[in-house]
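Only one structure is covered here, and it is reproduced in the block below.
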Ligand SMILES: [Zn+2]
């Protein structure tokens, strides 16, 4: 058997005006052909897939086509979209006869003028492979499952946890594929779309309503006729024509069972809709004071509005402004993504004292530049090595340490992983253990700092990733949608 493998991903935030370019993909590495197997064996979704295939003992040749990943951000450019469309098409055409395709995408990617990038990529695959070659589509569970994806994929699998265990998703996808190829499974799919969205504060699957919903999907899979049950709480910044939460159930040739279980999972999510809206975030000044008063560090201050891992621009200065205004004296770590500021700091040179405007260059709708004075520290260009991440290294562009009062800022050209992994600070010669607080540009992925941190405080900041979904400039999402509009029964608006 020959199985082709494609892995392409980006999560789009429609409220971040900065487009995602090929440069953003290159910073995470665009890899083609056999090099994919060398670089990602044992790592990430590709690694999980390869290990499960190899464990099966079957005689399978993997035909790797392309791997491209960019951190969440604004819509991808037409150039980036066209680049990957061509890689997929030409790669599959050149692959010769293949028996199946593992297609690992995100599910919430939009391009300039294209709402459903993954549906379009799936269409490209089908155009080359025809209707009969099994395609197992792997998605991030924050994806927006569309009618086209359901129609064109043979089976869909999604992440089972938040924070995501992408290796596990690769494994699950491989196991579904092996059942199709070697055990004669005939997948049929039922899909329910819910007119529902929520901010991300209740997105962790280990607690609260999300645990209830995801645990139920796992219980549904205990039935051996069920190949896969996956829930999709769409990330809350995707403003597209088919936006909304969904659930997908794939059974072995039992459509009635799939329909019944999909209804059950949709009903359960709908019954929890008010609980998903519960907010934990505290106002900025209060959060900063809480960190200062904490008996010990390291306190994580989650900048919910400027979550880079949720596609925000990374140029918020709201927490910085509060720290300086309130006269907080404890040492704080904070990233800032701003090429203009990097250029100014580099021009001044290491050791220089500089007064300049920081923040608000990328997303002026949400942030206003703040004038600060600080001292330029270490300057680095090139790759930054990472431990325990879905890839071994990252290019953040030029990165500069900038000390402003008690705040050690890590200012970078590219979003990369922002300051969400301690590895980035350590590489720059900074020991996070010496700090009282660290601002993280994520509202969910606290796992990298967990070994160092004493507590997490969600800060109720504005920004492209803000928890106040009512305050976002929605234009394309189908209405009515809960909680923006009052709806009693999800079926009233079902497609
Ligand atoms: Zn996700």
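The values are calculated or read from the model by the stated rules, or taken from the named source; none is laboratory data. Given the structure is predicted, the values throughout are model-derived calculations rather than measurements. A quick note on method: Cβ atoms are made from the backbone with ideal geometry, for glycine too, and the neighbour counts reach across all protein chains shown.
Restricting attention to region 129-148 and to residues that are touching a residue at least 40 places away in the same chain (Cβ under 8 Å) and farther than 14 Å from residue 231 by Cα, the residue that is farthest from the ligand (Cβ to nearest atom) turns out to be 134.
Yes/no per residue for (1) in the same structural domain as residue 461 (by TED's automatic domain parsing); (2) out of contact with any helix residue (DSSP H, G or I) (no Cβ under 8 Å at 6 or more places or on another chain); (3) away from the ligand (no atom under 16 Å from the Cβ):
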{"site": "217", "(1), (2), (3)": "no, no, no"}
{"site": "225", "(1), (2), (3)": "no, no, yes"}
{"site": "235", "(1), (2), (3)": "no, no, no"}
{"site": "266", "(1), (2), (3)": "no, no, yes"}
{"site": "271", "(1), (2), (3)": "no, yes, yes"}
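Taken together, the residues in region 237-258 that are more than 25 Å from residue 475 (Cα to Cα) and either modelled with pLDDT under 95 or more than 16 Å from the ligand (Cβ to nearest atom) (or both) amount to 10.
Just one of the numbered conditions (1) closer than 21 Å to residue 442 by Cα; (2) within 11 Å of the ligand (Cβ to nearest atom) is not true of residue 167: (2). A count restricted to region 285-308 and to residues that are over 17 Å from residue 432 (Cα atoms) and buried (at least 22 other Cβ atoms within 10 Å of the Cβ) stands at 8. Inspect all residues belonging to region 161-168 and state whether any of them is surrounded by fewer than 21 Cβ atoms within 10 Å (Cβ to Cβ) and free of Cβ contacts under 8 Å to residues at least 12 places away in the same chain. Yes, region 161-168 contains a residue that is surrounded by fewer than 21 Cβ atoms within 10 Å (Cβ to Cβ) and free of Cβ contacts under 8 Å to residues at least 12 places away in the same chain. Quick check on residue 194: is it more than 14 Å from the ligand (Cβ to nearest atom), within 26 Å of residue 267 (Cα to Cα) and crowded, with 24+ Cβ neighbours inside 10 Å? Against the criterion (more than 14 Å from the ligand (Cβ to nearest atom), within 26 Å of residue 267 (Cα to Cα) and crowded, with 24+ Cβ neighbours inside 10 Å), residue 194 qualifies. Taking region 377-466 as the region of interest, the strands (runs of 3 or more DSSP E) fully inside it that hold 1 or more residues being more than 21 Å from residue 345 (Cα to Cα) are 383-385, 393-395, 437-440, 455-459.
Of the residues in region 85-101, none is at pLDDT 95 or above, farther than 18 Å from residue 130 by Cα and out of contact with any strand residue (DSSP E or B) (no Cβ under 6 Å at 6 or more places or on another chain). A count restricted to region 232-259 and to residues that are assigned to a helix (DSSP H, G or I) and in contact (Cβ under 8 Å) with a residue 60 or more places away in the chain stands at 3.
Scanning region 17-51 for residues that are within 16 Å of the ligand (Cβ to nearest atom) and over 25 Å from residue 180 (Cβ atoms) yields a count of 2.
Selection over region 43-74 of residues that are out of contact with any helix residue (DSSP H, G or I) (no Cβ under 7 Å at 6 or more places or on another chain) and either assigned to a loop (DSSP other than H, G, I, E, B) or at pLDDT below 95 (or both) gives a count of 4. Somewhere in region 87-102, is a residue within 16 Å of the ligand (Cβ to nearest atom), assigned by TED's automatic domain parsing to the domain that holds residue 8 and under 23 Å from residue 26 (Cα atoms)? So far as region 87-102 goes, no, none of its residues is within 16 Å of the ligand (Cβ to nearest atom), assigned by TED's automatic domain parsing to the domain that holds residue 8 and under 23 Å from residue 26 (Cα atoms).
When you check residue 151 against the structure, is it assigned to a loop (DSSP other than H, G, I, E, B) and more than 16 Å from the ligand (Cβ to nearest atom), yes or no? When the stated conditions are applied, residue 151 does not pass them.
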